[in-house]
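Below: the structure, in structure tokens.
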Amino acid sequence: MQEQELALRIRGLKKQYRLGVINRGTLQAELQSWWAQKRGRDDPNRRIGAETGADGQSFWALDGIDLDIRRGERVGIIGANGAGKSTLLKLICRITAPTEGEIDIWGRVSSMLEVGTGFHREMTGRENIYMNGAILGMSRAEIDACLENIIDFSELREFIDTPVKRYSSGMFVKLAFSVAAHLRSEIMIMDEVLAVGDMAFQQKCLSRMRQAADEEGRTVLYVSHNMTTIRQLCDRCIVLSHGRVIFDGDAERAIAAYLNQSIGDNDVDMDLTVKSHIRKTACSSVSMTRLRLADKVTAVYEPGEDLRLLLTLEISEPLPPLYFRLTLRTETDLGLATAWSQPLTMERSGENTVRLTLPIDSLAKGCFYASIGVYRCDELGRMLPLDHISHAFKFEASGLPVWNVNAHGYMHLPQIRAACET
């Protein structure tokens, strides 16, 4: 590939951290420890009673990344927490240095890695715009030329001369994105921060990033756990796992690869304690601990079979009636349908097993992911989550032998009743 076409070239990129090790706080202490190590003596700054292994355990956040990213590409980066996504972006932004490998960058980089990054909290919004432009090497005249566009896009005109320390997190995101999107840079980097903004502003940002890539030739790198925004924005997607690239291709196939990697293939007996739970409160009295697909050896369902689940709960105290919710999503993480149970009273604390049954005759042939949750109804009639697991398990419906999902959809609807009017 010609260098003129490239925005980024990454070769053999590795980043190693030492777990449990922090600096001593001063240059003098660092030099004392280094000199003692060189002479084979004990570290004078080590705490009394601490183990001798001052170096800690090594952890490779990135373990050999090779990538070529063209100018004007919109590239999504997805993966589980700890996969190395943020580390990769920090290396590209030169916030930290790689342990091994090299990164070649053609152009200036504007980034949003955390809410408020790059802003001085005592300065006003207007002053921060000028400071960020100066960091990118822009003259005052160049910043003046795009100042009004930045303020208009941010929707913060009445607060633009207020110190940003008084901004909410949503206001921070609006101004930070506006600065990154309008100041002169060839590469835009976004790390999950749009999740803080409201839905209307998220769509506005996605539209602006598409415009920046398609019309201005800027390269966009976008990290998110929201597969819908990945699908809307990205024409290419990279999946990371344990510091390595496991997939690099179109967004739909990347999302499927990520979900397969994070859930596993057709498990029928799952330990839910190792999965990520979302609870209304940290001290929720309900915890889902185990899930089994009843009477199944593989998670493949033939036409006419019901989805039967055995869900084990750990309950710390008697509870009002509980509701169980299953949400089905397609293999490309599109929302498909949600089903609720009737209320069920749990009369004893400790371990309880609940049988859930859902007819799935209407599903077309294909693979589906299911999220599962336990809810209660408050005095205002709102459903409040006590415990919830997204993408808890995967199953396959054999369905009809011939079925075009793109043309016919993912579900079989009941037969249409047709009659002639007299």
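Listing for the model above:
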| read-out | value |
| --- | --- |
| Test result for ALA213, surrounded by 23 or more Cβ atoms within 10 Å (Cβ to Cβ), touching a residue at least 12 places away in the same chain (Cβ under 8 Å), touching a strand residue (DSSP E or B) at 6+ places or on another chain (Cβ under 9 Å) and of a type in the set (Gly, Ala, Ser) | no |
| Condition met for ARG355 (of a type outside the set (A, V, I, L, M), loosely packed, with under 13 Cβ neighbours inside 10 Å and under 21 Å from GLU314 (Cα atoms)) | yes |
| Cross-chain or 6+ apart pairs with Cβ under 9 Å, the range 71-83 first and β-branched (Val, Ile, Thr), then in a loop (DSSP other than H, G, I, E, B) and surrounded by fewer than 18 Cβ atoms within 10 Å (Cβ to Cβ) | VAL75/ASP235; ILE78/HIS225 |
| Spans of helices (runs of 4 or more DSSP H) in the range 54-168 with at least 1 residues over 27 Å from SER207 (Cβ atoms) and polar (S, T, N, Q) | 85-92 |
| Residues (hydrophobic (A, V, I, L, M, F, W, C) and at pLDDT 70 or above) located in the range 1-36 | LEU6, ALA7, LEU8, ILE10, LEU13, LEU27, ALA29, LEU31, TRP34, TRP35, ALA36 |
| Residues satisfying the stated conditions in the range 197-255, i.e. farther than 22 Å from LEU8 by Cα, more than 16 Å from the chain's Cα centre (by Cα) and part of a helix (DSSP H, G or I) | MET199, ALA200, PHE201, GLN203, LYS204, CYS205, SER207, ARG253 |
| Index of the failed condition, LEU344 passing every other in (1) loosely packed, with under 13 Cβ neighbours inside 10 Å; (2) over 32 Å from the mean Cα position of the chain (by Cα) | (1) |
| Residue identified as touching a helix residue (DSSP H, G or I) at 6+ places or on another chain (Cβ under 9 Å), of a type outside the set (A, V, I, L, M) and surrounded by 14 or more Cβ atoms within 10 Å (Cβ to Cβ) among TYR369, TYR375 | TYR369 |
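The values are calculated or read from the model by the stated rules, or taken from the named source; none is laboratory data. These numbers were taken from a predicted model, which means no experiment stands behind them. Virtual Cβ from ideal backbone geometry, glycine too; neighbours counted across all protein chains shown.
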